[in-house]
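The values are calculated or read from the model by the stated rules, or taken from the named source; none is laboratory data. For clarity, every value in this text was computed on a predicted model and none was experimentally measured. No Cβ is skipped: glycine too gets one built from the backbone with ideal geometry, and neighbour counts run over all protein chains shown. For the accessible areas, the whole protein counts, side chains as well, though only heavy atoms, and no ligand, DNA or RNA atoms are used. Shrake-Rupley method; radii C 1.70, N 1.55, O 1.52, S 1.80 Å.
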Amino acid sequence: MELSLLNWRRLIAFAISVGLAGAVPAHAETLLCVEDVAGGLRFVDGQWQGVKFKTGATQYAITAPASDPLTYQVKQIGKDYVQFTCTRLKFDNGMLSDQISCGGLGYGMIINFAKLRYVEVYSLGYIDDDRSGQNTPSITGGKCSTISP
């Protein structure tokens with residue numbers, strides 16, 4: 001049986017894709033995280049007060065591309081943009097950190113792969129003393145599951 005040039009190209013492309021898939025380290029986990037609890041501060045009647053927020057069961061996909069399995073992207077399900085990009089540390093002994101931190105000053109997320117939990121923090125509003133009621137500091141916690149992409 002003789003292979004045509006097109007079939008050779010397909011066979012080579014398939015072999016390359018299988019080879020690349022095998023080269024991806026197993027530590028590139030994918031998580032689905034779901035908001036569980038939320039609270040924060042709200043400016044009410046002339047003062048800041050601690051309040052419990054209703055959760056909207058917001059969901060996040062945390063994935064690492066095959067090209068860089070230590071760099072994770074956090075996307076809220078239903079949104080087209082990457083909310084955070086985070087780097088997972090790999091220690092000299094080859095072990096990976098259980099936790100990654102994403103974001104920057106005033107806004108971020110900490111994800112724990114071992115405990116399958118996350119915390120998202122938004123601290124603006126109170127810090128700048130924004131009394132409009134539109135800029136509400138919050139902390140949200142949720143649980144994650146490891147999924148197979």
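Considering only the stretch 41-49, I want to know if a residue exists there that is open to solvent by less than 80 Å² (accessible area, probe 1.4 Å) and among the basic types (Lys, Arg). Scanning the stretch 41-49, I find no residue that is open to solvent by less than 80 Å² (accessible area, probe 1.4 Å) and among the basic types (Lys, Arg), so the answer is no. Listed by position, the strands (runs of 3 or more DSSP E) enclosed by the stretch 56-110 that each have at least 3 residues that are small (Gly, Ala, Ser) are 99-104.
Each residue in the stretch 102-132 was checked for being of a type in the set (D, E, K, R) and within 23 Å of Ala57 (Cα to Cα), and 3 pass. Can you find even one residue in the stretch 90-109 that is surrounded by 12 or more Cβ atoms within 10 Å (Cβ to Cβ) and in contact with a His (Cβ under 9 Å, 6 or more places away or on another chain)? Yes: one or more hits.
Being surrounded by 14 or more Cβ atoms within 10 Å (Cβ to Cβ) and either farther than 18 Å from Cys144 by Cα or out of contact with any Ser or Thr (no Cβ under 6 Å at 6 or more places or on another chain) (or both) is the requirement here; does Lys79 meet it? Here the answer is no, as Lys79 does not meet what is asked. Test Ser145 against the criterion of being touching a residue at least 60 places away in the same chain (Cβ under 8 Å) and assigned to a strand (DSSP E or B), and give yes or no. In short, yes. Pairing residues of the stretch 46-57 that are without any contact (Cβ under 8 Å) to a residue 60 or more places away in the chain with residues that are β-branched (Val, Ile, Thr) and open to solvent by less than 60 Å² (accessible area, probe 1.4 Å), at Cβ distances under 9 Å and at least 6 apart in sequence or on separate chains, gives Val51/Val44; Val51/Thr136; Ala57/Val34. Among the residues of the stretch 30-55, the ones that are of a type in the set (S, T, N, Q), in a strand (DSSP E or B) and within 29 Å of Ile127 (Cβ to Cβ) come to 2 in all.
Scanning the stretch 114-149 for residues that are open to solvent by less than 60 Å² (accessible area, probe 1.4 Å), modelled with pLDDT of 90 or more and of a type in the set (D, E, K, R) yields a single hit, Glu120.
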